[in-house]
Amino acid sequence: MNIGLFFGSFNPIHIGHLIIANIVHETTEMDEVWFVVSPQNPLKANKNLLHEFDRYDLVEAAITEDYHFRVSDVEFNLPRPNYTVQTLTVLAEKHPNHKFNLIIGEDNLAALPRWKNYEQILENFGLIVYPRPNAPESDLKDHPNVMMIDAPRMDISATLIRNLIRENKSIKYLVPERVRQRIEAKKLFV
């Protein structure tokens with residue numbers, strides 16, 4: 001089975017994430033897309049980061065009706081900070097019959113050389129790269145294990161959504177309705 005792995009803090013998951021995941025599923029040979037909720041990104045500060053179980057719950061709510069999507073908590077039990085290469089190794093060992101491809105934005109492709117053991121990721125796993133606004137050029141676009149896809153250039157940010165919530169403004173259409181309802185019910189991000 002071909003699995004696209006979409007890593008992120010999903011703080012919160014929003015419609016942009018879901019559009020990209022759907023495009024990947026529909027335009028590549030990925031049988032499923034797994035949303036891997038990252039407890040902490042080693043390259044980002046984690047202030048304003050909702051607890052990982054709440055973020056997992058929001059992803060689960062967002063994808064509940066799409067059987068091609070799954071949510072994964074594989075990183076919750078790994079040492080922190082965790083690196084993508086470690087997670088990919090664990091998943092490959094746990095699921096030897098699956099072929100994993102990492103889904104990243106074009107901006108992350110340019111930053112990939114800063115990732116721990118990025119060469120190992122490039123050699124052992126495919127990369128599916130979606131366009132991002134103002135992404136810097138990368139020589140890695142031509143790597144045989146990198147697949148550039150055509151997708152909308154999404155510029156929806158979780159920061160914008162969190163700010164709107166704090167300002168008591170609507171996030172309708174930015175997140176799935178189930179996610180909006182859970183955020184309101186649990187008073188998240190306020």
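Key figures
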| read-out | value |
| --- | --- |
| Amide proton proximity set for PHE7, modelled H, under 5 Å, gap of 5+ | VAL36, ILE103 |
| List ARG153, ARG55, ordered by accessible area with a 1.4 Å probe, largest first | ARG153, ARG55 |
| Distance between the stretch 7-42 and the stretch 118-142 - C-alpha centres, whole angstrom | 16 Å |
| Shape metrics for the chain, restricted to C-alpha atoms - Rg then Dmax, Å | 16.1, 47 |
| Residue order for MET148, MET154 - accessible surface, 1.4 angstrom probe, largest first | MET148, MET154 |
| Sequence of GLU184, GLU75 from largest to smallest accessible area, 1.4 Å probe | GLU184, GLU75 |
| Candidate aspartates and glutamates for bridging to LYS169, where Cα separation is under 16 Å - those fewer than 8 sequence places away on the same chain excluded | GLU177, GLU184 |
| Of all DSSP beta bridges in the chain, antiparallel share, percent nearest 5 | 0 percent |
| Of ILE63, LEU102, GLN40, farthest towards positive along the dipole that unit charges on Lys, Arg, Asp, Glu beta carbons give the stretch 1-106 | GLN40 |
| P(r) tail fraction, the stretch 105-190 - alpha-carbon pairs more than 22 Å apart, % | 47 percent |
| Sequence ranges 155-168, 133-146, 9-22, ranked by mean other-Cβ count within 10 angstrom, highest first | 9-22, 155-168, 133-146 |
| Unit charges on C-beta of K, R, D, E only; dipole of the chain, Debye | 940 debye |
| Nitroxide proxy distance, nm - points 7 Å out along Cα→Cβ at GLN86 and HIS98 | 1.9 nm |
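The values are calculated or read from the model by the stated rules, or taken from the named source; none is laboratory data. Quantities reported herein were computed from a predicted structural model and do not represent experimental measurements. Virtual Cβ from ideal backbone geometry, glycine too; neighbours counted across all protein chains shown. Each accessible area value is taken on the protein alone, full model and side chains, heavy atoms only, with ligands, DNA and RNA left out. Shrake-Rupley method; radii C 1.70, N 1.55, O 1.52, S 1.80 Å.
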